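Below is one structure; the comments refer to it alone.
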Amino acid sequence: MSGPDRAFWQQRFVEQHLPWDRGGANPQLARWLADGTLIRGDRVALPGCGAGHEIEPLARAGLEVTAIDYASAAIALVARRLASSPEVRATLVEADVLAWQPGTPLDAVYEQTCLCALHPDHWIAYALQLRRWLRPGGRLCLLAMQAPRPGAREGRVEGPPYHVDINALRALLPQSDWQWPKLPYVRIDHPSQADWAELALVLVRR
Ligand SMILES: C[S@@+](CC[C@H](N)C(=O)[O-])C[C@H]1O[C@@H](n2cnc3c(N)ncnc32)[C@H](O)[C@@H]1O
């Protein structure tokens, strides 16, 4: 398997070395809840949920949340936090996002820096998963990591995070399968490095 594996991510959580972690929910989540992109009753998945700071606001807003991560230490961390708020209901799943399937198609996927955690060799398989998970009309709320690397000029593939180039993204999630939003896109600073950011995109599955 190319790129980081389960043991790599598990170790990050065991050592609490989580440079990507904001320590709270991404500010874009509140905007998507406020503007009706994510609505009460939606069945939403959070692939590669990590510390899962978005689970609680989503569940409190009345969404049915399934959070998935294959690092058991990440799932244990989320479980510990949720245990102190028993009114917050969410399903936690320890699984590989390249294999997991929902029981029934979802209304939404909240994709925050899981794509950029996967080596690009797995991007096509992951993009097919995202399409498979969603019902037609379902929304992919995507925070696409902008982390360009100088080595790319020589053809090196460097990460994680792997830079989610907009051209690659258009090829991965083509217009024939997804309705793309119009420009401009909101850009959100990322905690791990000053010049890195996420582009917030909502794609609708055709
Ligand atoms: C960069 S972290 C992002 C965590 C969280 N989404 C956030 O933004 O704080 C990537 C997460 O994806 C998880 N991950 C990576 N590859 C995975 C896979 N194939 N299946 C499930 N989880 C995976 C890692 O364990 C890690 O928690």
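Which length gain, in nm to one decimal place, applies between Val204 and Ala73 when the Cα-Cα distance is subtracted from 0.36 nm times their residue separation?
Numbers: separation 131, 0.36 × 131 = 47.16 nm, distance 3.23 nm.
The span from Val204 to Ala73 would gain 43.9 nm if fully extended.
Would you mind calculating the gained length between Arg135 and Trp100 on full extension (0.36 nm times residue separation, minus the Cα-Cα distance), in nm to one decimal?
Values: separation 35, 0.36 × 35 = 12.60 nm, distance 1.57 nm.
Stretched fully, the Arg135-Trp100 segment lengthens by 11.0 nm.
Segment 107-195: which GluC sites (Glu not before Pro) are DSSP loop and have at most 14 other beta-carbon atoms within 10 angstrom?
Details: sites: Glu111, Glu154, Glu158; in loops: Glu158.
Sites meeting the loop and neighbour criteria: Glu158.
Please work out how much length the chain gains when fully extended from Glu154 to Ile124, using 0.36 nm per residue of separation minus the C-alpha to C-alpha distance, in nm with one decimal. Before the final figure, lay out the partial values.
Numbers: separation 30, 0.36 × 30 = 10.80 nm, distance 2.27 nm.
Contour length minus the Cα-Cα distance gives 8.5 nm.
Given R₀ = 22 Å, what would the calculated FRET efficiency be for Ile166 paired with Ala194, taking r from the Cβ atoms and rounding to 0.05? Display every interim value, and only then the final one.
Values: r = 21 Å, r/R0 = 0.93.
Once rounded, the FRET efficiency stands at 0.60.
Are there GluC sites (Glu not before Pro) in segment 1-72 that DSSP marks as loop and that have at most 13 other Cβ atoms within 10 Å, and which are they? Can you show the working numbers first?
On the way: sites: Glu15, Glu54, Glu64; in loops: Glu15, Glu54.
Filter output for segment 1-72: Glu15.
Which translational diffusion coefficient, to the nearest whole µm²/s, is obtained for segment 117-204 from the Stokes-Einstein equation, given a Kirkwood hydrodynamic radius over C-alpha pairs, 10 °C and 1.306 mPa s?
Approximately 114 µm²/s, per Stokes-Einstein.
Based on the alpha-carbon gyration tensor of the chain and its eigenvalue square roots a ≥ b ≥ c, which shape applies: rounded if a/c is under 1.5, prolate if not and a/b is larger than b/c, or oblate? Don't jump to the answer; show the numbers that get you there.
On the way: a/c = 1.43, a/b = 1.11, b/c = 1.28.
Rounded, since a/c falls under 1.5.
A short reminder: the numbers here are calculations on the coordinates, not readings from a lab. Predicted model, so just to flag it, every value in this text is computed and none were measured. Ideal geometry is used to build each Cβ from the backbone, glycine not excepted, and the neighbour counts take in all protein chains shown.
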